[in-house]
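Everything below concerns the one structure shown next.
The values are calculated or read from the model by the stated rules, or taken from the named source; none is laboratory data. Not measured: the values here are computed from a predicted model. Cβ placement follows ideal geometry from the backbone for every residue including glycine, while neighbour counts extend to all protein chains displayed. Just the protein is used for accessible areas: all its heavy atoms, side chains included, with ligands, DNA and RNA removed. Shrake-Rupley method; radii C 1.70, N 1.55, O 1.52, S 1.80 Å.
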Amino acid sequence: LPPYEVLPSEVNMEELPRSTTVLLEDPPRPPRDHLVWSLFTTLYGNFCCLGLLAFVFSVKSRDRKVLGDYSGARSYGSTAKWLNITALVINILIVIIVVTVVSLIAAGVIRSMN
């Protein structure tokens, strides 16, 4: 609430100027649902179904956003984001391991160790 002061008893309300103050606020930005990112994670990097879970949470976030429940949409969107990040990191590690093993096999390092 805005701060206010009590008028002294000798001030008459009729003597004060009349005015109206209207505060315009921008509507809150809708939270992100990460639906496209989740779709690509589901199609291209679905390690242990993390991409599918991220897609489900993204759809739930979009549904909450349509209903106007921004806190629920933010929560579901955040979960989808972290599932996408986890799947991305795991996929990057798998690619690095596969490239390393294939490179070592091609160089003959692993064959000479046996």
- prompt: Per residue, what accessible area does region 24-106 have, given a 1.4 Å probe and all protein chains present, in Å²?
  reply: 70
- line: With Rh as the Kirkwood radius over Cα pairs, region 48-114 has Rg/Rh of 1.38
- prompt: Counting every Cα pair in the chain, what percent are over 20 Å apart?
  reply: 64
query: Quick one: putting +1 on the C-beta of Lys and Arg, -1 on the C-beta of Asp and Glu, what dipole do you get for region 1-109 around its Cα centre, in Debye to the nearest 20?
result: 920
statement: Charge dipole of the chain built from unit charges on the beta carbon (Lys, Arg +1; Asp, Glu -1), centred at mean Cα; most positive-end Cα among N46, S103, M13 is S103
message: Report the gain in length on full extension from S9 to A106: 0.36 nm times residue separation, minus Cα-Cα distance, nm rounded to one decimal.
response: 25.5 nm
- request: Convert each backbone phi in region 83-96 into a coupling constant with the Karplus relation 6.51 cos²θ - 1.76 cosθ + 1.60 (shift: θ = phi - 60°), then list the ³J(HN,Hα) values in order as whole Hz, x for Gly and Pro.
  value: 5, 5, 5, 4, 5, 5, 5, 4, 5, 5, 4, 4, 5, 4
field: Crossing angle, helix 50-67 versus the chain [Cα axis fit, 0-90 degrees, rounded to tens]
entry: 20
